[in-house]
Amino acid sequence: MSGSRSDTQLGPRIVAIEDAVARTIEADAVGEVGAEELRRLVSAAVRLYAAACEREGVELMPVTGDISTTEAVRLSVALARSQNLSPFDLALWFRQVTPETAR
């Protein structure tokens, strides 16, 4: 059944994952999530985001106002460090996509 339409409809699954994450945070149970599980979740989200941007040909806004600046920067820095990127490297990427081309 690989590749069937039902296998690729992530909408309801994403909502379920989002709800589970919110409940985990609200219950102060973040410590129950292993580092490897967290890496898998973030990696999957990053791959999905990158593929969607590539498909659309523009930078999609990855979040709305529902996360704080601190949360956004914390993940941004962690992602940059995980790829051994410097602020200079990031500056080069900032030039490639402008806010005018993002949606």
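Where a number appears in this text, it was derived from the coordinates with a stated rule and is not lab data. Since the structure is predicted, the reported quantities are computational estimates derived from the model, not experimental observations. Glycine gets a Cβ as well: all are built from the backbone with ideal geometry, and neighbour counts include every protein chain shown.
The table for this structure:
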read-out: Highest-MSF residue in the chain out of Asp28, Asp66, Asp89 [GNM, Cα springs under 10 Å]; value: Asp66
read-out: Computed [θ] at 222 nm, deg cm²/dmol, the chain (DSSP H ≥ 4; -39,500 (n - 2.57); rounded to nearest 500); value: -20500 deg cm²/dmol
read-out: Computed E for Leu10/Val73 - FRET, C-beta separation, R0 41 angstrom, nearest 0.05; value: 0.95
read-out: Ala91/Ala29 FRET efficiency (R0 41 Å; Cβ-Cβ; nearest 0.05); value: 0.60
